[in-house]
């Protein structure tokens with residue numbers, strides 16, 4: 001079952017990269033350990049670094065792919081998660097899909113770091129949750 005899920009994630013990200021590479025000038029991958037969630041109904045934020053040394057200030061985003069995993073959500077709780085561009089604030093709801101791709105940030109500066117914000121909605125506090133490392137892939141063009 002885990003191998004099947006792993007292959008689905010790889011195929012999803014691979015397809016996103018292939019489709020975006022047809023018009024992208026470049027891409028960078030940014031990995032980030034997400035902050036542990038230690039209380040209910042509170043937002044947690046993790047920033048991704050821009051890791052492309054040849055990125056110019058005029059480069060714009062074509063598409064962004066993401067992958068994250070948050071195991072151990074308590075029964076009766078729900079997850080809210082957003083992939084965001086900070087200036088001006090624009091977010092994509094990624095609560096229902098732990099991997100995928102979006103063009104929502106298309107045309108915005110690729111030199112600006114993106115972030116994921118997330119929370120577990122629950123009526124009571126719970127034992128801390130340790131998310132798995134997350135990843136974004138930013139396809140950009142000049």
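Annotations for the structure displayed:
- Residues of segment 44-77 that turn out to be assigned to a loop (DSSP other than H, G, I, E, B) and within 30 Å of residue 25 (Cα to Cα), as a count: 14
- Search result, residues across segment 109-118 that are farther than 26 Å from residue 73 by Cα and surrounded by 18 or more Cβ atoms within 10 Å (Cβ to Cβ): 110
- Among the numbered conditions (1) in a loop (DSSP other than H, G, I, E, B); (2) surrounded by 20 or more Cβ atoms within 10 Å (Cβ to Cβ), the only one that residue 126 does not meet is (2).
- Taken together, 139, 41, 121 contain a single residue that is in contact with a helix residue (DSSP H, G or I) (Cβ under 9 Å, 6 or more places away or on another chain) and either more than 20 Å from residue 25 (Cβ to Cβ) or crowded, with 16+ Cβ neighbours inside 10 Å (or both), which is 139.
Rundown of residues vs (1) over 16 Å from the mean Cα position of the chain (by Cα); (2) assigned to a strand (DSSP E or B); (3) modelled with pLDDT under 95, yes/no style:
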{"site": "34", "(1), (2), (3)": "no, no, yes"}
{"site": "41", "(1), (2), (3)": "yes, no, no"}
{"site": "79", "(1), (2), (3)": "no, yes, no"}
{"site": "87", "(1), (2), (3)": "yes, no, yes"}
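- Scanning segment 99-118 for residues that are in a loop (DSSP other than H, G, I, E, B) and touching a residue at least 60 places away in the same chain (Cβ under 8 Å) turns up 110, 111, 112, 113, 114.
- Verdict on residue 108 being at pLDDT below 95 and within 19 Å of residue 58 (Cβ to Cβ): no
The values are calculated or read from the model by the stated rules, or taken from the named source; none is laboratory data. All of these numbers come straight from a predicted model, not from anything done at the bench. As a convention, Cβ positions derive from the backbone with ideal geometry for all residues, glycine included, and neighbour counts pool all protein chains shown.
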